[in-house]
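Okay, structure first, notes after.
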Amino acid sequence: MKEYDVLIHKFHDYFTRDGNACISLGVNKHLDDLPDPSLDSIASTVKDGEKLLTELRSFPRGVLEFDQMLDLDLAILGVEFEIYSNTYTFNEKTELQQKPTAGNDISDGLFLMFINDPRPAWERLSNITARLEKVPEYLEKLINRLDTPVKRWVDIDIEKVTNLPELFSTIYNWAQEEKYPQLKRLAVAHKQAELALENYIKELQAMATTTTLFIGQEQASKLIKLRGIDQSLDELHALSAEFLMNVAREIEELRIKLVDKYQLIPSTSVEELQCFLNKQYRVKLENTGNLNDVISRYVQERDKILGYLQARNLFPIFTEQKMLIMQTPAFMAPSIPAGAMVSPPPFRDGVKTSIVYLTLSDKLLDEHTELSIPSMMIHEGIPGHHLQLATACNHPSIVRRHCNAMEHAEGWTTMLEDYMLNIGYMGDLTDEARFTAKRDIARIGARVAIDLYFMTGDKNYLDVGIDVDLSSTDPFINAGKLLQKVTGFVSDRVQAELNWYSQERSYPLCYLMGNKLVWELKSDLAKAQKGQLDDIELDKVFHKVYLESGNMPLSFLRRIFEHNKLL
């Protein structure tokens, strides 16, 4: 239908006005431009969003097919979330007035054009040069936007920005190798950008700051609802406590088994057992201190998992996909605790390529062992985020290729961490891997509690049955104590986790909520199809529909299973 198609293209245009968004989406627009951080630009985004929202809500539904109606509902939710993210307030100001974003705004587009862009080098370097030339103007607008920013967020941005010259130098060296004809212009832009960043840091450090980041119960509830999650704050809190209690019971059962298996003293604690296993299954580095050996081990595991799954034909794995694995760049490390995945640009033709980042250091080696590496690769790679999002890129729906449904994504991957152990991937090391995985996945219970706490300021949300001192007036100290107690994470990872919890409101709780909803959907499918399909065939059906339906909140995905008469 022509009118519907026109409306969906307006939706697409609305979400491709930002240069960084265009690069991550694979859309060839605004590639010379940094995001506009000004308050005028944000106000324009809100105004245009409200106009689009009116058109989306008023479109006649009687003429639409099932998939069109579902996409229309998704589009409405996406625009509502965008508007609300730009307008809710705390400390009597919007979040963007209190959040410095130079590190991400400058680096995101530059790095993706450098590392994951199939265009000729000269074309990418021309875009990069144009962007570097605009850094001083961008920073001036950003400083003018800020008003008493949150201190923790100031510290995060300064750490990221301090490492940006390393990226600039890497790009300049690449330009030299490519014999880029405008090398002198790039050198001038590089230098001016560095000087502007130095001045930006000084201005940021001189600003008055606040330690208050809470947005309150009502706004927290609204944000969660706009992610497509219907549960109340209290229901989420109860889910967190129940999950942590169940995980603690499983961990204790595994502790007893493993203490006996390795003939350790019976009183060996969970933390002592974790240290023992970390040492026992530490990755062997061919060259001491060479962290590239850890990357190589991840690559081996990626290939091993792929072979295992292809032999069993459990997931619809297509050939035109690729996954790069690399160390997290220094300017990104403050917000990537252990690993992360950048999904393929959904509107780019050709091979769907993801980037998996691994945050490595000598201090963090205990986060990368022979027991944890398989879990990380399952979560971030195949059959996890990479397969899920690369497959979603092939969906014809424009709306679904724009959708970022985090509980859909994180529910899928955390479910897989258990599923792959259940089907025997780790063989004789299943108990060891499950113990390590349960210690690690306990984080998603703590994340709910901390996410609710960081949004509302209500310390009661940290009461999830864990014996920990929460008497500090500093929310990051209280949250850090809970997270460390639950997971045993090293200090550097705890702090990096808290950084992104505080800045990505209502995202951290999506892991546990998604995990619960995915298992419920899988269980309901099994009940509905009982006697018709065996377990393996049922798994294959579930995986196929889940992956090939595209991105959406799980409440929407359930509608697809129902429409296909699977529930």
Completion exercise
For the chain, the charge dipole (Cβ of Lys, Arg +1; Cβ of Asp, Glu -1; about the Cα centre) points to a positive end, and the Cα of Pro329, Tyr180, Ile251 closest to that extreme belongs to Tyr180
Problem - DSSP beta bridge pairing in the chain, given as percent antiparallel to the nearest 5 - result: 45
Completion exercise
For the chain, the dipole about the Cα centre with charges only on Cβ (Lys and Arg +1, Asp and Glu -1), to the nearest 20 debye, works out at 620
Completion exercise
Using alpha carbon centers only, the range 108-125 is separated from the range 263-315 by a whole-angstrom value of 33
Exercise for the section: Round to a whole angstrom and tell me the spacing of the C-alpha centers of the range 167-193 and the range 22-49. Expected result: 25
Handout entry: Cβ-placed point charges (K, R +1; D, E -1), dipole of the range 451-567 about Cα centre in debye, nearest 20
Key = 380
Handout entry: chymotrypsin sites (Phe, Trp or Tyr not before Pro) restricted to DSSP loop in the range 474-567 with at most 15 other C-beta within 10 Å
Key = none
Problem - Prolate/oblate/rounded label for the range 431-509 (Cα gyration tensor, a/c 1.5) - result: prolate
Handout entry: Charge-dipole axis of the range 2-206 as Lys and Arg at +1 and Asp and Glu at -1 on Cβ define it, positive-most pick from Leu25, Leu64, Ser85
Key = Leu25
Problem - Cβ charges +1 (Lys, Arg) and -1 (Asp, Glu), total dipole of the range 2-206, debye - result: 440
Fill in the blank from the handout: Note on the range 2-206: alpha-carbon gyration tensor, axes a ≥ b ≥ c; rule is a/c under 1.5 for rounded, else prolate if a/b larger than b/c, else oblate; result oblate
Exercise for the section: Label the range 466-567 by shape, choosing from rounded, prolate and oblate, from the square roots a ≥ b ≥ c of the eigenvalues of the Cα gyration tensor; if a/c is under 1.5 it is rounded, and otherwise prolate applies when a/b is larger than b/c, oblate when it is not. Expected result: prolate
Fill in the blank from the handout: Contact order relative to length for the chain, counting C-alpha pairs under 8 Å separated by 6 or more residues, stands in percent at 16
Exercise for the section: Please report the relative contact order for the range 2-206, taking Cα pairs under 8 Å with a sequence separation of at least 6, and give it as a percent rounded to a whole number. Expected result: 24
Completion exercise
Options (i) 38, 28, 23; (ii) 35, 30, 26; (iii) 46, 31, 22 for semi-axes √(5λ) of the Cα gyration tensor in Å; the value derived from the coordinates is listed as (ii)
Fill in the blank from the handout: Among Gln263, Gly531, Ala392, the residue whose Cα sits farthest towards the positive end of the charge dipole of the chain (+1 at Cβ of Lys and Arg, -1 at Cβ of Asp and Glu, taken about the Cα centre) is Ala392
Problem - ³J(HN,Hα) computed for each position of the range 556-567 - Karplus, 6.51 cos²θ - 1.76 cosθ + 1.60, integer Hz, glycine/proline x - result: 6, 4, 4, 4, 5, 4, 5, 4, 7, 6, 9, 10
Fill in the blank from the handout: the range 468-533 and the range 393-464 have their Cα centres apart by a whole-number Å value of 6
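Just so you know, all these numbers are worked out from the coordinates, no wet-lab data involved. This one's a predicted model, so the numbers in the text were calculated from it and none came from an experiment. Because the Cβ atoms are built from the backbone with ideal geometry, glycine has one as well, and the counts that use them run over all protein chains shown.
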